[in-house]
Every structure is written in C-alpha cells, then in structure tokens.
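Structure record follows, encoded as structure tokens.
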Amino acid sequence: MILLDENIPESQRISLARWKPLKIGVDYLEKSTQDDQLALHLRGARRITFFSLDRDFFIKRWTYGHANCSIVFVDAAPKRFAAIVDRFLRHPSFRTHADRMGSVFKLNEDFIVCWNVSSRTDAEIPWPR
C-alpha cells in the first residue's frame, strides 16, 4: 500500500490517484499522530511505502527505518510532490514493494538518496534519462 502523510496537499493526492491505480491510504491513523508513533505503526505493518514532505523522516532514518516498510521523504516544493512520486514509482530499481522495502529514501529533482536498513549506508542513485 502507498501511504501519504497528512502534510501532502489535497491537490497532489488527487493528481497521484489519477495517474496511478494505487491503494492510497490517507487515514491510516488519527490526524496529528506524532512521527514517532507513526514510525512504530509502520514497523508493525507489512508492505507499506510511506511518503512525506517532512524532512525528519530522512534525518531520523536510523530510528525510523525498518525492514517491513519503506519511508520516502520528498525534498521538493509541495506542488511537485505527485510528479516526483510518480517518477520514483516508475524508476526501474523501485517499481515493486519488494524493491523498496527496508529503505529510507530522499527524493529531489536531481537524484535519489537511498539508505538501506541492513547496510546502514547512503547511496546516491541517478534518475533515469
């Protein structure tokens, strides 16, 4: 399942749902759930890719990262969120849940940073041309 943080603008949620026939969860937990609580729920869930505009999810990747889920921080203007997420989900290395699980990502217009839970290292990955 694709799970979007509550900080994602409604227009971007609608655009993403229109482009991709995905299960998009927006009411997974109560509104204003603290990041630490959300991270605990993500660890207990299976096959969730969580997208956020909140930088803390990448900064605290040592704490939040887990093999059961993937967390994606979109480091871009909110109006670019849906386009960058769509681009990421089409990337040959990250098309399936299995490809994304166990990683925390930072996406921007220029590249992807991938931090893997098992190796605990960052890798910079280019966007396909």
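Observations
- Stretch gain in nm, segment E10-I59, where the contour uses 0.36 nm per residue and the Cα spacing is subtracted: 15.1 nm
- Distance (nanometres) between label positions extended 7 Å along Cα→Cβ at W127 and A45: 2.6
- Spin-label pair R18-A98: with each label point 7 Å from Cα along the Cα-Cβ axis, the two points sit 3.4 nm from one another.
Read-outs throughout are calculated quantities, based only on the coordinates presented, and are distinct from any laboratory measurement. What you are looking at is a predicted structure, and each value in this text was computed from that prediction instead of being measured. Virtual Cβ from ideal backbone geometry, glycine too; neighbours counted across all protein chains shown.
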